[in-house]
Amino acid sequence: MRILTAMALTLAVSLAAYAGSCKDSAKTTATQKVAAKKPADIVDTAASVDDFSTLVAAVKAAGLVETLKGDGLFTVFAPTNEAFAKLPEGTLESLLKPENKKKLVSILTYHVVPGKVMAKDVVGLSSAKTVQGSTIDIAVKDGTVMIDNAKVVKTDIETSNGVIHVIDSVILP
């Protein structure tokens, strides 16, 4: 009887130890899942949205991927594919050519403001200096925020290194 009791006790301790290790394993898995849900950077966030495929292609052609994946905080006023389609015929194709890289960089960096400027802060501004060096005009017209002549159609897409606000037109310096 003592042998059975000792065996039962050993089995119970072993099961408890195993269950404890499973809990630790579950905690690690949960922690890994939370870490995996950390927001992606600006480029990866944009690349995950079909409606930004033209913007992502332009960022790649301009050689700005590493910059926009960097540690700095950026606010990007991101034109949609439809916004790029509004450009005069042939403009986008021309800008994507290697010989026009400098002009493409200028246009894309005109869409970027240093720092993380959330929508609640944007509405209080009348202008902002862009990474390109020029200033964009910011206004609220009939309840709609305008960046130059582009409407902000979606705000506060947070990323690990800034924020994206979606606009309906490409803005030009």
Next on the checklist: Taking amide H atoms as placed 1.01 Å from N in the peptide plane, list the residues 5 or more away in sequence, or in a different chain, whose amide H sits under 5 Å from that of ASP137.
Outcome noted: ASP148
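State which entries of LYS69/LYS129; LYS86/LYS151; LYS69/LYS116; LYS60/LYS102 exceed 18 angstrom in Cα-Cα distance in the structure shown. Intermediate results must be reported in sequence, preceding the final value.
Numbers: LYS69/LYS129 20 Å; LYS86/LYS151 13 Å; LYS69/LYS116 14 Å; LYS60/LYS102 13 Å.
Pairs exceeding the cut-off: LYS69/LYS129.
Considering every pair of different Cα atoms, what Kirkwood radius, in Å, is found for segment 63-173? Intermediate values should be presented prior to the final figure.
Values: mean 1/r = 0.0699 Å⁻¹.
Computed over Cα pairs of segment 63-173, the Kirkwood hydrodynamic radius comes out at 14.3 Å.
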Checklist outcome for this item: Reduced to Cα centres, the span from segment 38-57 to segment 95-162 in Å works out to 16
Checklist entry - Residue by residue, what Karplus-based ³J(HN,Hα) values in Hz, rounded to whole numbers, does segment 143-155 have, using 6.51, -1.76 and 1.60 with θ = phi - 60° and x for Gly and Pro? => result x, 10, 7, 10, 10, 6, 9, 9, 8, 7, 9, 7, 10
Item to check | ALA78 long-range amide H proximity, modeled H, under 5 Å | outcome: HIS165, VAL166, ILE167
Checklist entry - Under unit Cβ charges (Lys, Arg +1; Asp, Glu -1), what dipole magnitude, rounded to 20 debye, does segment 42-167 have relative to its Cα centre? => result 300
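If packing is taken as the average count of other Cβ atoms within 10 Å, what order do 95-103, 155-163 fall into, highest mean first? Mind dumping the intermediate values first?
On the way: 95-103: 12.7, 155-163: 17.9.
The peptides rank, most packed first, as 155-163, 95-103.
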Next on the checklist: Give me, ordered by chain and number, the residues 5 or more places off VAL145 or on other chains with an amide H under 5 Å from its own placed amide H.
Outcome noted: VAL152
Checklist entry - So, in nm, how far is label SER127 from label LYS154 when the simple model puts each one 7 Å beyond its Cα toward the Cβ? => result 3.1
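Only the coordinates and a few stated rules stand behind these numbers; no lab work does. Just so it is clear, the model here is predicted, and its values are computed rather than measured. Backbone-built Cβ (ideal geometry, glycine too); neighbour counts: all protein chains shown.
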